[in-house]
1. Between Ser18, Gly29, Ala5, whose Cα lies farthest towards the positive end of the dipole of the chain when Lys and Arg beta carbons carry +1 and Asp and Glu beta carbons carry -1, centred on the Cα centre?
2. Taking the Cβ of Lys70 as the center, what net charge do the other residues with Cβ under 14 Å away carry, scoring Lys and Arg +1 and Asp and Glu -1?
3. For helix 28-40, report the angle its Cα long axis makes with the longest principal axis of the Cα atoms of the chain; keep it between 0 and 90° and round to the nearest 10°.
4. Just to be sure I understand the curve: with the Debye formula and one point per C-alpha of the chain, what is log10 I(q)/I(0) at q = 0.10, 0.11, 0.14, 0.22 Å⁻¹?
5. Subtracting the Cα-Cα distance from 0.36 nm times the residue separation, let me have the gained length for Thr2 to Leu20 in nm, one decimal.
6. Express the relative contact order of the chain as a whole percentage, based on alpha carbon pairs under 8 Å and six or more residues apart in sequence.
7. Which chymotrypsin sites (Phe, Trp or Tyr not before Pro) in the stretch 54-105 sit in a loop by DSSP (not H, G, I, E or B) and have at most 12 other Cβ atoms within 10 Å of their own Cβ?
8. Quick check on the chain: helices-only [θ] at 222 nm, where DSSP H runs of length 4 and up contribute -39,500 (n - 2.57) each and the sum goes over total residues. Nearest 500, please.
Amino acid sequence: MTAIADTPSPPYYAVIFSSLRTAGDNGYGAMAGRMLDLAAKQAGFLGVEGAREGLGITVSYWSSLDAIRKWKQNAEHHEAQRLGREGWYSAFKVRVARVERDYGL
């Protein structure tokens with residue numbers, strides 16, 4: 001995730017996932033890659049951006065709240081969420097926001 005997501009004109013939605021990791025990979029890297037590939041195939045997925053320097057922040061963009069709900073309920077994603085709660089994260093927070101404006105260079 002080294003590029004800025006090419007999102008459509010607003011409105012659309014952003015899911016902001018902020019996290020603190022536990023020590024070691026413990027399968028996290030492989031699962032993170034799988035989740036990115038899987039999310040990209042979901043109806044309503046618009047793109048993703050992320051950064052990690054101690055605090056990790058991943059922002060995924062979606063066309064609708066319904067698309068976000070369906071992604072949250074995806075069986076493989078559900079398993080990744082469970083593994084995250086049980087071992088990969090010492091803390092995390094999810095925020096869902098409607099994007100009203102965007103602009104840039």
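1. Final value for the positive-end residue is Ser18.
2. +1
3. Taking the Cα atoms of the chain, the angle to 28-40 is about 30 degrees.
4. Debye curve over Cα of the chain, log10 I(q)/I(0) at q = 0.10, 0.11, 0.14, 0.22 Å⁻¹: -0.28, -0.34, -0.55, -1.33.
5. Using 0.36 nm per residue and subtracting the Cα-Cα distance, I get 4.5 nm.
6. About 46 percent, as a whole number.
7. Those that pass, being in a loop and sparsely packed, are Tyr103.
8. Working: 3 runs with 31 residues, N = 105.
For the chain, the value works out to -9000 deg cm²/dmol.
Quick note: the coordinates plus some simple rules give every number you see, no bench work behind them. These numbers were taken from a predicted model, which means no experiment stands behind them. Neighbour counts run over all protein chains shown; Cβ positions are idealised from the backbone, glycine included.
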